[in-house]
Amino acid sequence: MAFNTGLSGLRAASVDLDVTGNNIANASTVGFKSSKVQFGDLYASGFLSAGTNPIGDGVRVQDVKQSFGQGNISFTDNGLDMAISGDGFFILNNGGEIRYSRAGQFGIDKEGFVVNNQNMRVQGYTADDDGNLSGIRGDLQIETGNLAPRRTTNLTTDVNLDSREPVLENQVSVMGEFGGTSFDGVPFNLDGTGTPPVPVTAFPAGSFTVSYNDGTPDRTVTIPAGLSAKDVAAAINDEEGLSASATTELNFPQIDDAYIQEPGFDFNLWIDGSEVFLDLSGVNSVDGLISEINGSPSARNLFASLDDDGELRVVDNSGNTLSYNFSNDNDVGSDGTDTQLGIVRPQADRSVEDVSVSGDPLYADTWADRSLSTTNSFNPIDQRTYNHATSTTIFDSLGNPHELTQFYVKDASPSNGVGQSQWSIYLQVDGELVAGTDQQPYTALFDQDGVLQSVNGDPNGEIVVTDWVPKDANGNPNGADGPPDDPTAVVSPIPEPAVSSAFVVNLGSATQYGAAFGVNDQQQNGYTTGRLSGLDVSDQGVVFARYTNGQSKSLGQVALAAFNNTDGLSPVGDTTWVETFESGQPVIGAPDTGTLGSIKASSVEDSNVDLSAELVNLIIAQRNYQANAKTIETSDAVTQTIINLR
């Protein structure tokens, strides 16, 4: 019997050595759980009893039990590495077989699926195209394609309008008629016709007298001969109550793609005698010439584009004198000089009653049959005609950015300043007034506490824009969705998917306090297209994709599984386990819910092997093995003594 007892001890000690050695070998294995051998003694027993003096038959290995205690969490530089802090297992799809693991070293395969080092796919809750998580469990997949653009359908603006701002009552506008064309409240060109300005290389001498109704002495405006458009505008701007802007425009109907592609093509521009540097070596089309002009550092205020007839146009918005020449080997070309005066506008700081005109017909025709009177004329390019303005970027259906500007003008109170204030609101997209504000502004009313009451009677403070046509840099429709066929059918909020360029401006949070104008918040829901730039994982296991347009979208959520009897799981290698009858069925849910642990991104869970304890166990197992071997050796010696008896 001693032989059998010793042999059982050797077997048990050998198993203990194997388990301890396996723990030591996996001390650096991510997600590994250490094991411990559990022993039980053996006694012979019969049906009736084990006798009065039973002697044990040795030892047997009852179980090799794993310890599922938490391992240390170490940070990594891989955004998809995950560690579970708390209870739970990752769910892995191994070609249809479901496995469970604590090892969170994950990456992406060629098809975009999140996988571990053995190409087992990580399972989780999938998301739809808008990033909304569902309750459907499947293999997590990362979409590596571009994020499609989204048009702006809602803009929320939270602003404070300064209640201390004055009411802009002393604005002036042009009244009268010339040549059958009405000029009421409209800026006019300094050529007397209302058409684009007449080219003038050097303006003739002229003068006109401005009379004021507030007792200010009359002022005579004298324009010396030979001034450029910029100088004439400056002379008019010096007079109270008047404003002018200068523009010089050159048109080149002769220059087309064929002309440029002829040998020896040459094109030169000068601004007030200073040459604009142009590199024509790679230019073989009108579009290429436009890009070269607009991109030249020495072009200053020049802007080249195609006009309505598709011909090359170069504009200087400062009224500088422009000189040019162009030619090719088959054409002597042309050269010339041009300077023009653009729009004349009334100013906001004077009420002008009458203007008498004398001098050159160019100036006489400009003012003939016109007078200036006090109105509340809004002019978006004249900062004196509005109190506040703020801009933000919105996007059309193709993802093209456009600049939306909101203008706020303090009006006279409808209740004589008692308990109520009124502001006019104008909206402009890319320099064009929208929402009908070119005809009539929206009216915002505030109560005595500075709280918004309504915008055009709407207590929600919403402005529905239904007349916006998205355009390109040349002012032409860019192919994106335009206004709805029936503007009256547009409702707020605009349902998805949107089918027009209509959008809502929400001013419901606007206030009017005695504090400086400020934009507290401004949010819009559109964006341009974006490329995948990175991935993030939240504590709830949600995988977020980051894109180059600043947007992020949920791609899915990692699912975790827990078991009533974790010790019942069966290890199958690769730091994975499978479900057994003893473990029970898994309880599956999202991380950080119920009893499930949270996810630590860019981290892994280290092995929970205590190396110091395992080395001590190794010494103990070795001594146990040696002691049991001694039992066999002693039994052999006793048996040999009996055999030697005669």
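Just so you know, all these numbers are worked out from the coordinates, no wet-lab data involved. Fair warning: this is a prediction, and the values are worked out from it, not measured in the lab. Quick reminder, even Gly has a Cβ in these numbers, built from the backbone with ideal geometry, and neighbours come from all protein chains shown.
Kindly write out, for the stretch 278-291 in residue order, the coupling ³J(HN,Hα) from the Karplus curve 6.51 cos²θ - 1.76 cosθ + 1.60 (θ = phi - 60°), rounded to whole Hz, with x marking Gly and Pro.
Those phi angles translate into 10, 9, 9, 4, x, 8, 9, 8, 5, 4, x, 5, 4, 4 Hz.
I'd like the GluC sites (Glu not before Pro) in the stretch 71-164 restricted to DSSP loop residues with at most 12 other Cβ atoms within 10 Å, sorted by number.
Filter output for the stretch 71-164: 111.
Just subtract the alpha-carbon distance of residue 440 and residue 129 from 0.36 nm times their residue separation and send over the number in nm, one decimal.
Between residue 440 and residue 129, full extension yields 107.9 nm more.
What residues have an amide H closer than 5 Å to that of residue 379, excluding those fewer than 5 places away on the same chain, when H is modeled at 1.01 Å from N in the peptide plane?
385
Could you point to the residue in 161, 64, 98 farthest towards the positive end of the stretch 16-170's charge dipole, with +1 and -1 charges on the Cβ of Lys/Arg and Asp/Glu respectively?
64
Hey, with R₀ at 51 Å, roughly what FRET efficiency would residue 630 and residue 78 work out to, going by the Cβ-Cβ distance, to 0.05?
With R0 = 51 Å, the Cβ-Cβ based efficiency is 0.45.
Cut-off is 10 Å between beta-carbons; in what order do 625, 100 appear when sorted fewest neighbours first?
With the fewest neighbours first, 625, 100 line up as 625, 100.
Please list 3J(HN,Hα) in residue order for the stretch 67-75, calculated via the Karplus relation 6.51 cos²θ - 1.76 cosθ + 1.60 where θ = phi - 60°; whole Hz, with x for glycine and proline.
Using θ = phi - 60°, the values come out as 9, 9, x, 5, x, 5, 9, 10, 7 Hz.
I want the local charge near residue 507. Using Cβ-Cβ distances under 14 Å, sum +1 for each Lys or Arg and -1 for each Asp or Glu among the other residues.
Overall, the nearby charge balance is -4.
Relative contact order of the stretch 248-339: what whole-number percent is it, with Cα pairs under 8 angstrom and at least 6 residues apart?
Here the relative contact order equals 39 percent.
Which whole-Hz ³J(HN,Hα) couplings does the stretch 260-272 yield from phi under the Karplus relation 6.51 cos²θ - 1.76 cosθ + 1.60, θ = phi - 60°, glycine and proline marked x?
Listing the rounded values in order: 5, 7, 5, x, x, 4, 9, 8, 9, 10, 10, 10, 6 Hz.
With a cut-off of at most 15 other beta carbons within 10 Å, and DSSP calling the residue loop, which chymotrypsin sites (Phe, Trp or Tyr not before Pro) in the stretch 224-320 qualify? Please list them.
277
Amide H neighbours of residue 467 under 5 Å, counting only residues 5+ apart in sequence or on other chains, H built in-plane at 1.01 Å?
435
Quick one: length gained pulling residue 585 to residue 85 fully straight, 0.36 nm per residue minus the C-alpha distance?
177.8 nm
Within straight cross-link reach of residue 600, meaning Cα distance under 19 Å, which aspartates and glutamates are found once same-chain residues fewer than 8 apart are removed?
Answer for residue 600, where 19 Å is the Cα cut-off: 77, 81, 87, 536, 539, 592, listed by chain and number.
So which aspartates and glutamates can residue 65 reach, going by Cα to Cα under 14 Å and dropping same-chain residues fewer than 8 places off?
Partners within reach: 16, 18, 567, 582.
Taking R0 as 30 Å, what FRET efficiency do you get between residue 332 and residue 474 from their Cβ-Cβ distance, rounded to the nearest 0.05?
0.50
For the modelled label position 7 Å from the Cα of residue 301 along Cα-to-Cβ, which residues of the stretch 383-403 have backbone nitrogen atoms closer than 16 Å?
383
Hey, can you grab everything whose amide H is under 5 Å from the amide H of residue 530? Only 5+ residues off in sequence or another chain; H modelled, so Pro and N-termini drop out.
HN-HN under 5 Å from residue 530: 147.
Can you tell me the FRET efficiency between residue 391 and residue 38 if r is taken as the Cβ-Cβ distance and R0 is 51 Å, rounded to the nearest 0.05?
Here the calculated transfer efficiency is 0.10.
Quick check: residue separation of residue 564 and residue 536 times 0.36 nm, minus the Cα distance between them. What number comes out in nm?
7.0 nm
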